[in-house]
Structure formats: C-alpha cells, structure tokens
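As structure tokens, the structure follows; a few thoughts come after it.
The values are calculated or read from the model by the stated rules, or taken from the named source; none is laboratory data. Keep in mind it's a predicted model, so treat the numbers as computed, not measured. Every residue, glycine among them, receives a Cβ derived from its backbone with ideal geometry; neighbour counts consider all protein chains shown. Please note that ligands, DNA and RNA were not included when accessible areas were found on the heavy atoms of the full protein model with its side chains. Shrake-Rupley method; radii C 1.70, N 1.55, O 1.52, S 1.80 Å.
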Amino acid sequence: MGWIVLLPLVAPLTALPIARLAEQQSHPRAAARMLTWVAALLAGCSTLSLGLLAVVGTAQLPGNPLPDGWSDPEVRAAVPGDAVLGEVAVLVLGGTLLAVGVALARRALTRRRLRRALAALPADANPALLPDGRPYAYAV
C-alpha cells in the first residue's frame, strides 16, 4: 500500500482546479452547491485519514489507551514512518479541531451581536445600516 494511505491528505489540492472549472462552466448557484459538497467530502476524507493515521501511528506509544489489536503489524507496515506520521497526524488533527472550535465560537459571538443590534432597531427599519469601524456588509 505504501504512500497511497496519504492520498486523502493530498486530495484537497485538487479543489482549486475544480473551483476554477466550476466558475467558468457552471451557473453560480450550481457551482456553489457543487463546491460545498466537494469541500465537505474532501474535509471528511482528510479528517478520517488523519484520525486513522493517528490511531495506527500512536498505538505503540507508552500510555496509549488504545487496544493493541488496533496497531496490527501488517497495518503499521502499510503506513510509511508510522510513528512519525501518527504524531504529526495527532498534532494536525488537534490543530484542526481547535480551528473549528474557534470558528464556531466566533460565529456564535457574531450571531449574538447581530441579534442584539437588530433588537435595538425599530420594527419598521428596513434596510438597517449599523455604524461600525470596519467596512463590511452582509444581509440578514
């Protein structure tokens, strides 16, 4: 098997050519939907691959709570540099989970601020312009 186990981690590099092709050949709505599904699929594959690499690569480390059966020698032989890749996979997976958590917290904070700002407006205000020091616009 060798390096083929790393293919899901390299697959997201295909997103840029796919996006450019979709931009040129598709209606914007269809392109946005397709790219959303492609991004979700690539993210799922990469996350699953990182998780599996983390399990296989770190199963032999002392103090690991995983069962020994999860680190079968044949499986470890299929992953080149299993210990190093496992440790790197744990770090990358942890960083990814941290980034997702930060993004979700920022989204929740923005939604809370938005609700507070809209609650202060009169009901007949349509559209609403809210003063802010940063230039940005979005519709609610």
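The listed residues are Leu93, Leu85, and the only one of them that is surrounded by 11 or more Cβ atoms within 10 Å (Cβ to Cβ) and at pLDDT 85 or above turns out to be Leu93.
On the stretch given as segment 33-79, residues that are modelled with pLDDT of 70 or more, among the hydrophobic types (A, V, I, L, M, F, W, C) and open to solvent by 90 Å² or more (accessible area, probe 1.4 Å) total 4.
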